[in-house]
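So the structure is just underneath, and the comments pick up after that.
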Amino acid sequence: MIARIWHGTTPTLKADAYLEFLLQRALPDYRSVPGNRGAWVLRRPDGDVTHFMTLTHWESTEAIEVFAGGDMERAKYYPEDEDFLLEFEPNVRHYELYGGAAP
């Protein structure tokens with residue numbers, strides 16, 4: 001398994017609206033791709049800025065490439081992100097994923 005982690009920041013005043021966007025649009029998109037094994041949003045307010053991370057689990061690099069396109073290291077953005085994000089980080093991070101949670 002592979003974990004894919006993306007990071008972005010929004011003004012805190014827009015954080016609730018961005019979270020709603022992620023939950024309604026981005027996470028369902030991730031989860032619709034064959035080979036995706038889960039998608040979560042992490043949020044951390046920090047004064048006037050709020051940090052977001054998406055954590056997705058994938059069964060293979062091929063599955064990630066179906067989602068992200070040919071360069072799986074590149075971040076995928078949606079047109080709506082223009083309304084929220086303070087910057088567009090170009091890359092994501094991938095980690096090999098081991099272990100698991102008990103049922």
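Going by the structure shown, is residue 81 acidic (Asp, Glu) and in a helix (DSSP H, G or I)? The answer is yes for residue 81. Of the residues making up the stretch 21-42, those that are in contact (Cβ under 8 Å) with a residue 24 or more places away in the chain and in contact with a helix residue (DSSP H, G or I) (Cβ under 6 Å, 6 or more places away or on another chain) number 4. Restricting attention to the stretch 59-78, the residues being under 23 Å from residue 99 (Cβ atoms), surrounded by fewer than 15 Cβ atoms within 10 Å (Cβ to Cβ) and not acidic (Asp, Glu) number 2.
It is to be established whether one or more residues within the stretch 40-57 are surrounded by fewer than 16 Cβ atoms within 10 Å (Cβ to Cβ), touching a His at 6+ places or on another chain (Cβ under 6 Å) and among the hydrophobic types (A, V, I, L, M, F, W, C). Yes; the residues of the stretch 40-57 include at least one that is surrounded by fewer than 16 Cβ atoms within 10 Å (Cβ to Cβ), touching a His at 6+ places or on another chain (Cβ under 6 Å) and among the hydrophobic types (A, V, I, L, M, F, W, C). Would you confirm whether or not the stretch 14-21 contains a residue that is within 11 Å of the chain's Cα centre (by Cα), surrounded by 14 or more Cβ atoms within 10 Å (Cβ to Cβ) and not aliphatic (A, V, I, L, M)? No. Scanning the stretch 1-45 for residues that are under 21 Å from residue 100 (Cα atoms), of a type in the set (Gly, Ala, Ser) and not in a strand (DSSP E or B) turns up just one, 35. Residue-level check: of (1) assigned to a helix (DSSP H, G or I); (2) at positive phi, residue 65 misses just (2). Taken over the stretch 57-94, the criterion of being over 21 Å from residue 9 (Cβ atoms) and among the aromatic types (Phe, Trp, Tyr) is satisfied by 58, 67. Summed over the stretch 87-102, residues that are in a loop (DSSP other than H, G, I, E, B) and loosely packed, with under 12 Cβ neighbours inside 10 Å total 8.
Just so you know, all these numbers are worked out from the coordinates, no wet-lab data involved. Please read all numbers here as calculations on a predicted model, not as lab measurements. In this analysis, Cβ positions are derived from the backbone assuming ideal geometry, glycine residues included, and neighbour counts consider all displayed protein chains.
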